[in-house]
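The values are calculated or read from the model by the stated rules, or taken from the named source; none is laboratory data. Nothing here was measured: the structure is a model prediction, and the numbers come from that model. With ideal geometry, Cβ positions are generated from the backbone for all residues, glycine too; neighbour counts draw on all protein chains shown. Note: areas computed on protein heavy atoms with side chains; ligands, DNA, RNA excluded. Shrake-Rupley method; radii C 1.70, N 1.55, O 1.52, S 1.80 Å.
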Amino acid sequence: MSADIDIDHVTIRFGDFVAVKDVSLKIAGGEFFSILGPSGCGKTTILRTISGFLEPTLGAVRIGGKDMSGVGPNKRPTALIFQNLALFPLMNVADNIAYGLRVRGVPAKQRRRKADELLSLVALPGTGDKKINELSGGQKQRVAIARALAVEPQVLLLDEPLSALDLRLRQHMRTELRAIQRRVGVTFIYITHDQGEALTMSDRVAVMNQGVVEQVGDGRTIYDQPATPFVASFVGENNGVSGRVRTLADGFAEIETPLGLIRGRDGGDLAPGAVATLFIRPERLRPEAEGVKAQVTATAFEGHQTHVQLVAADGHKLTMSLGRDLGAHLLTPGMEIAVGFAPADAVVLAQAPR
Amino acid sequence: MSNAFTAYLIFFGPLAVVLVFVLAAMAERRRAGAAAEPDFFARNGWPVAIFLIVAVGVWMLVMIVLPALYMVDYSFHPKLPPSQRGGPRDIYTLANYRYFLFGSPTDTSQWNSTHLYAFWITIFVSVLITIVNFAVCYPLAYFMAQVARPAAVTRLMLMLVVPYWINEILRAFAFRVLFGTGGVINEILIGAGLIHDRIDFLGLDVALYAGLTYAYVLIMMFPLYNAIESLDRNQIEAARDLGAPWWRIHAEIVLPHAKPGVASGATLVFMLCAGALAAPLILGGPKTLWFTPIVYDRFFQAFNWPQGAAYALVLLMACMAFVLIVMRLFKVSLSEIAR
């Protein structure tokens, strides 16, 4: 039912523009795999290459071990869910879902039975005779999923399908999508620019930037051990402080910055004297007696935590997020405080060589 | 209808219509009250409002309704010299319609086979030309609307439009040159050794049908292009992704979406084709049967205006009936066609 995907040194060019540069990814059968990146990073291009609407300029795409070059989108074991869903407005819900079966010559009665089954799977029983424009955004979403699943694809490709929904529905659909994926066991490849979606749903995430995969890993690894400055600043909030490496010892790096000498884990590829950036998450910064001197400029109460905006001695801006029990309510704009962090919570990354 | 009465109608009719519109606009204002939305005059301003009312009233009545009514009235009258019009012999009669069917105003024993056959051929060939036009335009419209890059679309559009700067008469005569027995096509065919004897394309009506087809290509092209262009490309890709071969994508996704465009293009081409006059006159051979030249002859050869009016009305009615039937068959509404 599910197939593994091997993206083998794929490069895709549009004229002079290189949209995807030498990307290799191995996605296991039955995996929920997300490709996360800002718009224009090449993630949709990769998706269209897997689905067969684009051929790679260099490299190969293999699905279930079979080379897909020259195989059209209508012959691949993949189904694509479009960003705008692309439901057929002139057909009713059941006809939409059964379209792939109709094309395959499945008799009408059987088609209808399958459509009704899938409607139950996506929690929309009894809506087969409705028109598409009678559905709400979330319902259309489910119909699009059902339509893609009807052809029993081995791989389901999703191109930011939740981006048109409102926040609450989006969060609900995340859980729903994950549950559907577990039930059907099909490989899901999910494209998104929303790190929340990628981290909550996926088994693994690939972070892309400017046509290159910067890091592949599970959500926790991506968040806690970013491999590049881009991943560190794109996934989640982060404070970055740049400077020069002073010393390297025992897996820690000490760098000379405008805020003073600070220490964090050695992110690799560091040499004394090289330019590097230390990243520390806002929730890992703490008010301390001794540390970096900073002035509170604003506080934003968000319920479970409070975001404190700080400006350090030389004008460097920092954000600190404090839980309810950490005395954030005592901080007011204008206060002079000192902040610090455990070196194990910070990571020092070399400036990208590119 | 006496001449004096007609004159009064032409003069006072538009005034009456304008008055009705003004009263309607005023009634709207009174009913809406001061607090409600601005009325017709407030929305457009007095000068524009009056212009709209007068323009629409005069245009509709003088340009469209009155002449048509005049023709309808005419068609039920006998042909009379001006001195006897309005006299005792000027009565309502079906003689003109009887002549169309039986070739005589009184005798009904024989069918008017020449005119009926020409009428039937005109309708039938117009249908064929409409179908051929659709077959020619659809692939090009699809290519321009969904496949080609914007720069290529602009170039193609120009190539389609520029030939129409040449006027209809010149174009028709150019087709005569092209299809004549000594014309370019015969020369090429003989030069290539494909034929030995020259083919009389004009006599065989090939030139006429080709000319009519070409004359209305744009009329089919633009509604089709607009309709296909408004289709979301993702729907085509979604169908393809779900396994549909190209012909199913066209039959089940593109065409149903473009149906109103097809309907409006087909209606226009059919109507214009069946009513074309210059092309049949210029491109028709000596034995060519087309209904419009026959109508023309009623007016200007036989000088029988009432009979000409009857013939023209028969053609109009047949075209309208045909279009309504086709619309019913394809389940398209008038508002969709006008979109």
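Below, the figures for the structure above:
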{"read-out": "Candidate set: the stretch B:149-163, residues that are farther than 15 Å from B:Glu229 by Cβ and free of Cβ contacts under 8 Å to residues at least 12 places away in the same chain; chosen: the one least open to solvent (accessible area, probe 1.4 Å)", "value": "B:Pro163"}
{"read-out": "Members of the stretch A:134-158 found to be open to solvent by 20 Å² or more (accessible area, probe 1.4 Å) and in contact with a strand residue (DSSP E or B) (Cβ under 7 Å, 6 or more places away or on another chain), listed by number", "value": "A:Val151, A:Gln154"}
{"read-out": "Residue that is nearest to the other protein chains (Cβ to nearest Cβ), among those in the stretch B:215-271 that are within 21 Å of A:Asn96 (Cα to Cα) and of a type in the set (Val, Ile, Thr)", "value": "B:Ile253"}
{"read-out": "Matching residues, the stretch B:312-339, being under 30 Å from B:Gly203 (Cβ atoms) and open to solvent by less than 20 Å² (accessible area, probe 1.4 Å)", "value": "B:Leu315, B:Cys319"}
{"read-out": "Hits in the stretch A:250-267 - residues which are free of Cβ contacts under 8 Å to residues at least 12 places away in the same chain and part of a strand (DSSP E or B)", "value": "A:Glu254"}
{"read-out": "Odd one out for A:Arg182, checked against (1) surrounded by fewer than 24 Cβ atoms within 10 Å (Cβ to Cβ); (2) among the basic types (Lys, Arg); (3) in contact with a helix residue (DSSP H, G or I) (Cβ under 9 Å, 6 or more places away or on another chain)", "value": "(3)"}
{"read-out": "Hits in the stretch B:66-98 (condition: open to solvent by less than 60 Å² (accessible area, probe 1.4 Å) and closer than 17 Å to B:Leu316 by Cα)", "value": "B:Leu66, B:Pro67, B:Ala68, B:Met71, B:Val72, B:Asp73, B:Tyr74, B:Ser75, B:Asn96, B:Tyr97"}
{"read-out": "Exclusive hit being farther than 21 Å from A:Ala344 by Cβ and surrounded by fewer than 15 Cβ atoms within 10 Å (Cβ to Cβ), set A:Ala298, A:Ala312, A:Ala294", "value": "A:Ala298"}
{"read-out": "Subset of the stretch A:58-69 that is surrounded by 18 or more Cβ atoms within 10 Å (Cβ to Cβ) and free of Cβ contacts under 8 Å to residues at least 60 places away in the same chain - its residue that is nearest to the other protein chains (Cβ to nearest Cβ)", "value": "A:Met68"}
{"read-out": "Per-region count, the stretch B:279-311, residues closer than 26 Å to B:Thr213 by Cα, surrounded by 17 or more Cβ atoms within 10 Å (Cβ to Cβ) and among the hydrophobic types (A, V, I, L, M, F, W, C)", "value": "8"}
{"read-out": "Number of positions in the stretch A:76-104 that are open to solvent by 60 Å² or more (accessible area, probe 1.4 Å) and either at positive phi or not in a helix (DSSP H, G or I) (or both)", "value": "5"}
{"read-out": "Selected residue [within 14 Å of chain B (Cβ to nearest Cβ) and over 27 Å from B:Ile253 (Cβ atoms)] from A:Gly42, A:Gly100, A:Gly72, A:Gly15", "value": "A:Gly15"}
{"read-out": "Criterion violated by A:Gln305 - all others in (1) in contact with a Leu (Cβ under 8 Å, 6 or more places away or on another chain); (2) of a type outside the set (A, V, I, L, M, F, W, C); (3) in contact (Cβ under 8 Å) with a residue 40 or more places away in the chain satisfied", "value": "(3)"}
{"read-out": "Pairs where the first residue, in the stretch A:287-301, is free of Cβ contacts under 8 Å to residues at least 40 places away in the same chain and the second is assigned to a strand (DSSP E or B), C-beta under 6 Å, 6+ apart", "value": "A:Thr297/A:Gln309; A:Thr297/A:Val311; A:Ala298/A:Gln309; A:Thr299/A:Thr306; A:Thr299/A:Val308; A:Ala300/A:His307"}
{"read-out": "Cross-chain or 6+ apart pairs with Cβ under 8 Å, the stretch B:83-99 first and hydrophobic (A, V, I, L, M, F, W, C), then open to solvent by 100 Å² or more (accessible area, probe 1.4 Å) and assigned to a loop (DSSP other than H, G, I, E, B)", "value": "B:Ala95/B:Thr106"}
